[in-house]
Each structure stands twice: as structure tokens, then as C-alpha cells.
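Notes follow once the structure below has been shown.
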Amino acid sequence: MAATLIMYYEESSNAMEALGVTGRMREAMMQARFATSQGSAHQLLCMWGQHVKLRFTTGNVPIAASGSADSSGAEPAVAAVQRLAATAKLSSTAINRALLTQTAAVAELP
């Protein structure tokens, strides 16, 4: 459930939905010392949300592919999604580096 909240944090925040929940998520980020302000907590939650979505999408490619390779011509679409997933994994590495840098910077705060 936490992954879902993080995954859709940015959309909820932008739509001004569940203001109590999104506000509490930012407060929790500050209490855990992952962020020093509401703004930095928001940015970090948005980055984490993108990472969770990416992991969800790439993790589910094999499930989607297993039932799709039939005579309807879905093989090219499955192959395209698999190539997209491989590209997304490269982006995931960049996001991981950014998260580690952000977390290290916060850990050094007094």
C-alpha cells in the first residue's frame, strides 16, 4: 500500500487530492530526515514515485508478455515493450544515483 501511495503521490498532489495524506507524507519524510523542508520532501516523493512506477512497469513486462504471444500479431508489441523496459532500467539507474545522493546529503545535516 505504501508503494501505491508513493507511486501516485505526484498526481494526487498536483490534483490537490487527499491533501491530508500528501501533507502527512511530506511530514513523514522530514521526520525521517530524508528532507529538510516541505519542498524538498515533495521533490523526493516525486522522484521516488517515478522510480516505483518504473520498477512496477518493468517488473510486470514478463507477466504481460507471457499471455500475449499469440497469433494475433502481438509479438512485435511485446518485443517493443521489452526494449522499452531495457531502456527504462538505464533510467532507473540514474534515478537510483540521484536518490542516493539526496539521501547522503540529508544524512550529513546536523
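Bear in mind that the values in this text are calculations on the coordinates, not laboratory data. Remember, it's a predicted structure, so these values are computed and weren't measured experimentally. Ideal geometry is used to build each Cβ from the backbone, glycine not excepted, and the neighbour counts take in all protein chains shown.
Annotation: extensible slack from L100 through M1 equals 33.3 nm (criterion: 0.36 nm per residue apart, minus Cα-Cα distance).
The dipole here belongs to segment 10-62: it is taken about the Cα centre, uses +1 on the Cβ of Lys and Arg and -1 on the Cβ of Asp and Glu, and is about 200 debye.
Here A80 and A107 are evaluated by their C-beta separation; at R0 = 30 Å the FRET efficiency comes out at 0.15. Cβ crowding within 10 Å ranks E10, E17 as E17, E10, fewest other Cβ atoms first. Fewest-first ordering of T57, T22 by other beta carbons within 10 Å of each residue's beta carbon gives T57, T22. Ordering M30, M1 by the number of other Cβ atoms within 10 Å of each residue's own Cβ, fewest first, gives M1, M30.
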